[in-house]
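Report on the structure given below.
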């Protein structure tokens with residue numbers, strides 16, 4: 001019999017069974033998360049199944065964030081925020097408030113998730129935690145609400161689709177370009193009901209903030225999670241970042257003879273910067289195919305590419321420069337600590353000098369709520385993860401997706417620009433830690 | 001008001017014929033329930049905005065007992081349960097699609113909204129009158145005098161549904 005994948009091993013351990021792809025298991029959840037959009041519905045389910053005296057399965061491993069409509073842009077949003085605050089206080093859960101940042105940034109930065117954990121989030125980008133070797137997956141509010149009460153949830157153990165990348169990425173090419181290419185190759189539903197697993201020498205040398213990008217967008221090919229085998233790089237990142245002690249012995253990696261649904265192999269050096277055209281992430285093309293497309297708005301942020309390193313890459317390109325006329329740039333840091341780092345290191349000043357607008361930490365205009373919604377005919381180039389029709393506003397607007405470097409280069413000219421035409425930097429994980437107060 | 005949280009009470013019967021509202025492939029949750037409306041979690045209010053940008057006449061004309069029919073990967077994108085909840089609020093009898101995105105599929109089952117994976121669904125045209133036999137897993141098109149087979153739910157899910165769904169199952173577990 002073949003060996004097991006990371007996903008099979010982790011779900012075996014959490015369910016106390018010898019689980020294989022296709023099996024249904026009831027597994028113990030390590031961490032549960034919901035935010036201001038999905039929380040209120042989950043609370044209703046929790047109250048319904050527990051009655052009035054319900055207790056959380058583990059208040060210390062339950063986290064609620066206020067990030068999607070933060071600060072509140074209307075009365076209903078403000079009421080949702082209050083519902084989150086009240087529920088968290090009543091049950092003793094961790095709660096992050098307006099301006100603290102996006103759930104997926106906060107859970108990693110604050111050390112709530114670690115390698116080997118089973119993490120459910122009432123948000124589809126909960127796949128992000130795979131970047132540090134946790135099985136992170138998005139669920140709906142009913143699933144989350146019941147799991148808050150029991151600490152358990154059923155899963156179909158997924159098959160695994162493996163992406164192997166070897167070699168050195170060109171200057172100006174990042175993890176974002178890799179994942180856009182993967183999605184383009186397998187399609188928007190190419191990984192549905194499966195786990196994605198990213199491996200190979202290129203992935204092993206990627207810093208954690210870039211691995212998180214790969215995992216974050218696994219959902220854009222339908223993936224249940226997106227996994228990278230946790231290694232010393234993940235261990236040292238988490239220990240430095242969170243102060244938590246990390247024991248890789250508690251984590252899981254795939255066996256050499258594990259059975260994969262398919263293996264897709266890539267030569268990193270051959271990959272050009274990628275841009276996903278409207279209106280689906282699977283429309284990925286080399287940047288050269290769309291270079292010259294005029295844009296109205298540039299958006300830097302989101303749980304995909306709103307980390308400090310992402311924003312610094314843009315600031316490096318714009319240092320001493322001015323954003324092209326008639327183009328607006330909206331920057332939304334993924335977390336409060338990213339925001340504060342931007343202030344402390346001069347990135348904030350550099351970007352505002354160049355003409356960018358910087359907002360408080362949160363989801364920003366990614367889902368079309370606020371802080372930079374697009375009008376009829378507007379064209380946006382974003383570091384975001386989705387470009388569905390109307391995603392960032394009007395159904396008559398269009399969104400292109402790319403890496404922060406491509407957004408930075410495009411800001412100089414007001415049109416989609418190959419980042420290889422400008423000087424770009426690549427940061428390892430220490431750049432964030434070095435400037436910690 | 002349609003109470004999505006009252007189990008079967010008030011749900012239309014998919015065995016009764018209704019109008020098919022036909023959508024294409026990759027209908028994501030932003031198109032089912034645009035983000036600006038999901039500050040609400042009230043099924044009735046959400047129903048008034050279902051498919052609002054994609055097909056504004058849907059929420060105005062949909063009748064309880066109608067069906068939503070779609071191509072591949074229906075409900076892709078976000079995890080928002082507001083999407084299936086909006087269809088529950090609109091009184092949609094069942095969703096028939098060639099395939100579903102994973103989270104939407106789970107959410108719909110958890111809300112008691114029948115979802116059928118039906119590869120032949122592309123033969124159904126907008127406005128056709130259809131009904132669904134959930135036990136047999138068969139979709140009948142009265143307008144075209146055709147039937148299409150749907151995939152049976154996996155045994156595990158079927159058992160969960162028979163126990164009253166995830167919430168009833170969880171209640172029983174907590175009481176047990």
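Since every read-out is calculated from the coordinates, none of them should be taken as a lab result. Since we're looking at a predicted model, the values are computed, not measured. Cβ: placed from backbone, ideal geometry, glycine included. Neighbour counts: every protein chain shown.
Could you tell me the calculated FRET efficiency between residue B:134 and residue B:155, based on Cβ-Cβ distance and R0 = 22 angstrom, to the nearest 0.05? Each step should come with its number before you reach the end.
On the way: r = 16 Å, r/R0 = 0.71.
Calculated transfer efficiency: 0.90.
With contacts taken as Cα pairs under 8 Å at a separation of at least 6 residues, chain A carries a relative contact order of 17 percent.
Taking 0.36 nm per residue of separation and subtracting the Cα-Cα distance, what length does fully extending residue B:57 through residue B:15 add?
Values: separation 42, 0.36 × 42 = 15.12 nm, distance 2.48 nm.
Between residue B:57 and residue B:15, full extension yields an extra 12.6 nm.
With the highest mean first, a sort of the peptides A:342-351, B:77-86 on other beta-carbon atoms found within 10 angstrom per residue produces B:77-86, A:342-351. Given a Förster distance of 25 Å, report the FRET efficiency between residue A:18 and residue A:250 from their Cβ-Cβ distance, rounded to the nearest 0.05. The pair residue A:18/residue A:250 has a calculated efficiency of 0.85.
In peptide A:74-81, what is the residue-averaged number of other protein chain Cβ atoms found within 10 Å of each Cβ? Write down the numbers at each step before the final one.
Values: counts 2, 1, 7, 1, 1, 2, 4, 0.
Mean partner-chain Cβ count within 10 Å for A:74-81: 2.
In this rough spin-label picture, where each label sits 7 Å from Cα along the Cβ direction, the residue A:425-residue A:90 distance is 4.8 nm.
Between A:116, A:140, A:362, where does the largest GNM mean-square fluctuation fall for chain A, given springs only between Cα atoms within less than 10 Å? With Cα springs under 10 Å in chain A, the top fluctuation among A:116, A:140, A:362 is at A:140.
Neighbouring Cβ atoms from other chains, within 10 Å of the Cβ of residues in B:29-38, number 6 on average. What is the antiparallel percent of DSSP beta bridges lying wholly in chain A, to the nearest 5? In chain A, DSSP labels about 20 percent of beta bridges as antiparallel. Springs between alpha-carbon atoms under 10 Å, Gaussian network over chain A: tell me which of A:425, A:176, A:159 tops the mean-square fluctuations. In the Gaussian network model the winner is A:425.
The packing ranking of peptides A:282-293, A:128-139, highest mean first, is A:128-139, A:282-293, where packing means the average number of other beta carbon atoms within 10 angstrom of each residue.
Between residue A:289 and residue A:82, the modelled labels are 5.0 nm apart [label points 7 Å from Cα along Cα→Cβ]. Taking each residue as 0.36 nm, the span from residue A:239 to residue A:60 lengthens on full extension beyond its C-alpha to C-alpha distance by 62.5 nm.
Under the 0.36 nm per residue contour assumption, what length would be gained going from the current alpha-carbon distance of residue A:47 and residue A:204 to full extension?
52.1 nm
Please work out the C-alpha center-to-center distance from the range B:97-176 to the range A:24-46 and express it in whole Å. For the range B:97-176 versus the range A:24-46, the Cα centre distance is 23 Å.
Per residue of B:167-174, other chain Cβ atoms within 10 Å of the residue Cβ number 6 on average.
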